[in-house]
């Protein structure tokens, strides 16, 4: 059996992890898998809901960073993550030609997975397995991998992490 790790009452930033990946949708496994991937595991093997906790323990929706503080909000009681990802496949705050890697392959286009895939191919991998963007603009200048252009820190978003296949 592959290595596993159990997270009791998992948190997303400062709040309990919400049961749904997006507000009211992609609930259960999608949210659990995203949590595990962010913690450098392949996915979630097992998990359980902790219903109606939002009033006493607000939850945070991991796909949108929204906080749910209503009594009807559900979190996770636990998540069991499996398959630790080897360090050589993980790139935290990835850079390209001296700048933080921009979230877009080309200016304002092919953002997210296309840019992460291009980065992984340049590193000798087939594609990206998971990526996570900065929550907002303004951290630092970034460079687009498709055009090599530099983007001002107040206009663009970079990757916090890319995991390659």
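Among the residues of the range 92-110, what is the count of those that are farther than 14 Å from residue 143 by Cβ and either within 17 Å of the chain's Cα centre (by Cα) or without any contact (Cβ under 8 Å) to a residue 12 or more places away in the chain (or both)?
3
Can you name the residue in the range 130-152 that is surrounded by fewer than 18 Cβ atoms within 10 Å (Cβ to Cβ) and assigned to a strand (DSSP E or B) and, of all such residues, is farthest from the chain's Cα centre (by Cα)?
150
Quick check on this structure: which one of 31, 44 is under 11 Å from residue 12 (Cβ atoms) and either assigned by TED's automatic domain parsing to the domain that holds residue 12 or not in a strand (DSSP E or B) (or both)?
Among 31, 44, only 31 is under 11 Å from residue 12 (Cβ atoms) and either assigned by TED's automatic domain parsing to the domain that holds residue 12 or not in a strand (DSSP E or B) (or both).
Take the residues of the range 1-20 that are assigned to a loop (DSSP other than H, G, I, E, B) and touching a strand residue (DSSP E or B) at 6+ places or on another chain (Cβ under 7 Å): which is nearest to residue 69 (Cα to Cα)?
Going through the qualifying residues, I end up with 19.
What tally of residues in the range 6-41 results from selecting those that are crowded, with 18+ Cβ neighbours inside 10 Å and out of contact with any helix residue (DSSP H, G or I) (no Cβ under 8 Å at 6 or more places or on another chain)?
Total meeting the criteria: 11.
Of the residues in the range 70-90, how many are free of Cβ contacts under 8 Å to residues at least 60 places away in the same chain and either part of a helix (DSSP H, G or I) or farther than 12 Å from residue 42 by Cα (or both)?
7
Scan the range 111-129 for residues that are within 11 Å of residue 165 (Cβ to Cβ), free of Cβ contacts under 8 Å to residues at least 60 places away in the same chain and buried (at least 17 other Cβ atoms within 10 Å of the Cβ) and report the count.
The number of residues fulfilling the criteria is 5.
One line per residue, one yes/no per condition, for (1) outside the structural domain of residue 37 (by TED's automatic domain parsing); (2) in a strand (DSSP E or B):
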site	(1), (2)
62	no, no
100	yes, yes
105	yes, yes
114	yes, no
118	yes, no
121	yes, no
124	yes, no
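The values are calculated or read from the model by the stated rules, or taken from the named source; none is laboratory data. Predicted model only: the values in this text are computed from it and were never measured. Methodologically, a virtual Cβ is constructed for each residue, glycine included, from the backbone with ideal geometry; neighbour enumeration extends over all protein chains shown.
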